[in-house]
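Colleague: I'd like to ask some things about the structure below.
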Amino acid sequence: MTEGQPAAQQAAPESLRSLIYNDGDDDQPPTLQVLDQLLIPDKKEYMEIPDVQAAWAVIRNMNIRGAPLIAIVACLGLAVDLRSAKVSKDLDDLVEKHGKDSFETVFNFVDEKMNYLNSSRPTAVNLANALAEVREQLLSLKQSSNESSLSIRDQIVQAVVKYARFMLDRDAKDNMTLAAHGADAILKPLPEGSQVTIMTICNTGALATSHYGTALGVVRATRARNQLKKVVALETRPYNQGSRLTAFEIVEEQMPGGTLICDSMAAYFMATQTVDAVVIGADRVCANGDTANKVGSYALSLAAAAHSVPFYVAAPFTTLDVHTAHGKDIHIEERPAQELLESARAPKGIAVWNPAFDVTPAKCISGIITEKGVIYRDQDGKIDVTAFVKAHTK
């Protein structure tokens, strides 16, 4: 099998579907349901997403999470919203008032919805990048709209629906390719046929994406090569995405050696047992390689460095943010104190600091795995994300 070749990989099981999307047709609008991840592992229930308000709410309230999935749900939610009966009537009223050829009127109406969706969670750059892609598609219509027999309004709505589907399909494909690159990176330095133990934090699997996963996708790809000995999942306090979601995926697929540990056990596990690699996901990767991910990732990188364990970040190309130079420039979302108080069974009178993310410095990262390849250190020892993006952007 050649490097980066995902052909032998199998899809995540149907039981791990993070969303259900129906494209609809000329007569029926598209529909979207998302798995309520707050209920996992106790029960599996899907929530209807009929409009952008519902999409915003499931993102903000963390019914769904994971940077790639957040972006996809926002775009699919926008597509469903624009084809809904209520919004179709709103668009009819706008066209009647301003004229059928008023591009700015319809564009501004849609753009306002995109800005609203973008306000749901600020740290993950995938959301902003996905909406920027949709916006770029719509602005391109302004130059070519006269070539279509459709009205401006219908062209804009059709473009959103079409591009949302494209993003959904692209995410699934990119996950598989990224995962293959990650398995290559971990296995290549080791003797042929080595059985490896991989440690991870938070949830970066099928439940964090449209399909397969990023960091947990790397674990899946390693298993597909029959070289996974053990996967170790950190609990991921205070929201327990590791114990609730990653452990759920491990059990559903019966991954080899699936083991759950508390976040504070990671260093001692590395000291007393073998860990061949740590792989985490990312919500934003800066131009210099600094990476924002679920809080606890930074501490995990320090433990890995202390025990000479390779530490990889698995992130789709859309997570690379060349416009943010350093980690200190990332806006870190702080979650409500109640989330920590309830999960910790703490007294109500105690003050709480509850950042959702932390920033792992580039110096702690061995490589950044993307669907376009792995970003390793250059001859100066730096992770040059900007150069990588330029080299892989048409």
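Colleague: Which of the residues spanning the range 12-35 are free of Cβ contacts under 8 Å to residues at least 40 places away in the same chain, open to solvent by 20 Å² or more (accessible area, probe 1.4 Å) and closer than 13 Å to Leu69 by Cα?
Modeller: Of everything in the range 12-35, those that are free of Cβ contacts under 8 Å to residues at least 40 places away in the same chain, open to solvent by 20 Å² or more (accessible area, probe 1.4 Å) and closer than 13 Å to Leu69 by Cα turn out to be Ile20, Gln33.
Colleague: Would the range 316-334 turn up any residue that is in contact (Cβ under 8 Å) with a residue 24 or more places away in the chain, among the aromatic types (Phe, Trp, Tyr) and under 29 Å from Leu187 (Cβ atoms)?
Modeller: For the range 316-334, residues in contact (Cβ under 8 Å) with a residue 24 or more places away in the chain, among the aromatic types (Phe, Trp, Tyr) and under 29 Å from Leu187 (Cβ atoms): present.
Colleague: Conditions first: (1) closer than 30 Å to Cys262 by Cβ; (2) touching a residue at least 60 places away in the same chain (Cβ under 8 Å); (3) open to solvent by 20 Å² or more (accessible area, probe 1.4 Å). Val161 passes all but one, so which condition is the exception?
Modeller: Of everything listed in (1) closer than 30 Å to Cys262 by Cβ; (2) touching a residue at least 60 places away in the same chain (Cβ under 8 Å); (3) open to solvent by 20 Å² or more (accessible area, probe 1.4 Å), Val161 misses just condition (1).
Colleague: Shifting gears a bit: Is it the case, given these coordinates, that Thr105 is assigned to a loop (DSSP other than H, G, I, E, B) and either among the β-branched types (Val, Ile, Thr) or in contact with a Pro (Cβ under 8 Å, 6 or more places away or on another chain) (or both)?
Modeller: Against the criterion (assigned to a loop (DSSP other than H, G, I, E, B) and either among the β-branched types (Val, Ile, Thr) or in contact with a Pro (Cβ under 8 Å, 6 or more places away or on another chain) (or both)), Thr105 does not qualify.
Residues are listed down the side, and each one gets a yes or a no for (1) open to solvent by less than 40 Å² (accessible area, probe 1.4 Å); (2) modelled with pLDDT under 95; (3) of a type outside the set (A, V, I, L, M):
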{"residue": "Leu300", "(1), (2), (3)": "yes, no, no"}
{"residue": "Ala304", "(1), (2), (3)": "yes, no, no"}
{"residue": "His307", "(1), (2), (3)": "no, no, yes"}
{"residue": "Phe311", "(1), (2), (3)": "yes, no, yes"}
{"residue": "Pro316", "(1), (2), (3)": "yes, no, yes"}
{"residue": "Asp321", "(1), (2), (3)": "yes, no, yes"}
{"residue": "Lys328", "(1), (2), (3)": "no, no, yes"}
{"residue": "Ile332", "(1), (2), (3)": "no, no, no"}
{"residue": "Leu341", "(1), (2), (3)": "yes, no, no"}
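Colleague: If you check His331 against the conditions, is it under 23 Å from the mean Cα position of the chain (by Cα) and closer than 27 Å to Arg60 by Cβ?
Modeller: Yes.
Colleague: Now a separate question. Considering only residues of the range 352-389 that are open to solvent by 80 Å² or more (accessible area, probe 1.4 Å) and free of Cβ contacts under 8 Å to residues at least 12 places away in the same chain, which is farthest from Leu340 (Cα to Cα)?
Modeller: Applying the filter and picking the extreme gives Gln379.
Colleague: Has the range 2-9 got any residue that is modelled with pLDDT of 95 or more, open to solvent by less than 60 Å² (accessible area, probe 1.4 Å) and either among the hydroxyl-bearing types (Ser, Thr, Tyr) or in a loop (DSSP other than H, G, I, E, B) (or both)?
Modeller: No, the range 2-9 contains no residue that is modelled with pLDDT of 95 or more, open to solvent by less than 60 Å² (accessible area, probe 1.4 Å) and either among the hydroxyl-bearing types (Ser, Thr, Tyr) or in a loop (DSSP other than H, G, I, E, B) (or both).
Colleague: Just checking, how many residues over the range 47-71 are open to solvent by 20 Å² or more (accessible area, probe 1.4 Å) and either part of a helix (DSSP H, G or I) or touching a residue at least 24 places away in the same chain (Cβ under 8 Å) (or both)?
Modeller: 7
Colleague: If a residue must be at pLDDT below 95 and either touching a Ser or Thr at 6+ places or on another chain (Cβ under 7 Å) or buried (at least 18 other Cβ atoms within 10 Å of the Cβ) (or both), how many such residues does the range 72-94 contain?
Modeller: Residues meeting the conditions: 2.
Colleague: Only residues that are in a loop (DSSP other than H, G, I, E, B) and modelled with pLDDT of 95 or more: list them for the range 18-28, please.
Modeller: Ser18
Colleague: Taking Val279, is it touching an Asp or Glu at 6+ places or on another chain (Cβ under 8 Å) and closer than 21 Å to Ile198 by Cβ?
Modeller: In short, no.
The values are calculated or read from the model by the stated rules, or taken from the named source; none is laboratory data. Values in this document were obtained by computation on a predicted structure and should not be read as measured data. Quick reminder, even Gly has a Cβ in these numbers, built from the backbone with ideal geometry, and neighbours come from all protein chains shown. Ligands, DNA and RNA are stripped out before the accessible areas are found, and what is left, the full protein with its side chains, is counted by its heavy atoms. Shrake-Rupley method; radii C 1.70, N 1.55, O 1.52, S 1.80 Å.
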